[in-house]
Every structure is written in C-alpha cells, then in structure tokens.
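Taking it in order: structure first as structure tokens, then the write-up.
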C-alpha cells in the first residue's frame, strides 16, 4: 500500500489502526518508512466494535486481526476484508478500485 499511497490519497483519507501505543507506532513507522497515518486503539474499542479483536493468539492477548474497511462519507462500510491470518494482506487492488468509485 505504501507504494500506492499517493494514488489512494487523491480519492480520500487512509489511516492505519493498531492496538499499539502511539510511541510504538511512531517508532515502527520510522523504522519501516511507513507514511500512512497511524491511529492508536490502545483501549481496543475500535477492534472490538469492528469485531476484529483476537482475544488470545498463542499467548498474546488482545491482538487485532489484519483487516481493511472502506468507509464512505456517510460513515457506511462499503467494503471490508478480514484476512484468514495476521500474516495475510487484504486485496489492495480491490480496495483501490472501490476507493476510486467513491471519489
């Protein structure tokens, strides 16, 4: 997604959300040269509301599933994907195509 960010941002806003602290997110973003704005869900309210919280993953508590949501200007989810495992990535091309339709 990082390589397509400029293209996506022409159509709207993109954010990443994780259960990590803002400090951890900033350090990770700097290390990975990741420029997508990150939002912290340290309290896990968003992960719970979107039903993408893994209560226990091999002893790690409260991990977020790898998921992508496309929300229109009215706040309605128009596309979503929750991957089978945290190592899998959502279908970026499908999201870009749908994102452009909303622009």
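What follows draws every value from the coordinates through simple rules; no lab data is involved. This structure is a prediction, so every number in the text was calculated from the model and none was measured. All Cβ positions, even for glycine, are placed from backbone atoms using ideal geometry, and neighbour counts span all protein chains on display.
Remark: the residue 100-residue 77 segment gains 6.8 nm on full extension, using 0.36 nm per residue and subtracting the alpha carbon distance.
Taking the C-alpha atoms only, the angle from helix 22-32 to the longest principal axis of the chain is near 60 degrees. Working from label points 7 Å from Cα in the Cα-to-Cβ sense, the residue 6 to residue 31 distance is 2.8 nm. Note on the range 1-72 and the range 77-103: Cα centroid distance 14 Å, given to the nearest whole angstrom. For the chain, the fraction of C-alpha pairs farther apart than 24 angstrom is 24 percent. Put in line by how crowded their Cβ is, counting other Cβ atoms within 10 Å and starting with the fewest, 18, 29 read 29, 18. Please compute the length gained on full extension between residue 15 and residue 48, using 0.36 nm multiplied by the number of residues separating them and subtracting their Cα-Cα distance. Fully extending the segment from residue 15 to residue 48 adds 10.1 nm. Contact order, relative form, for the range 2-97: 18 percent (alpha carbon pairs under 8 Å, 6 or more residues apart, mean separation divided by residue count).
Angle check, please: helix 92-102 long axis (alpha carbons) against the longest principal axis of the chain (alpha carbons), in degrees 0 to 90, nearest 10. Around 50 degrees separate the two axes.
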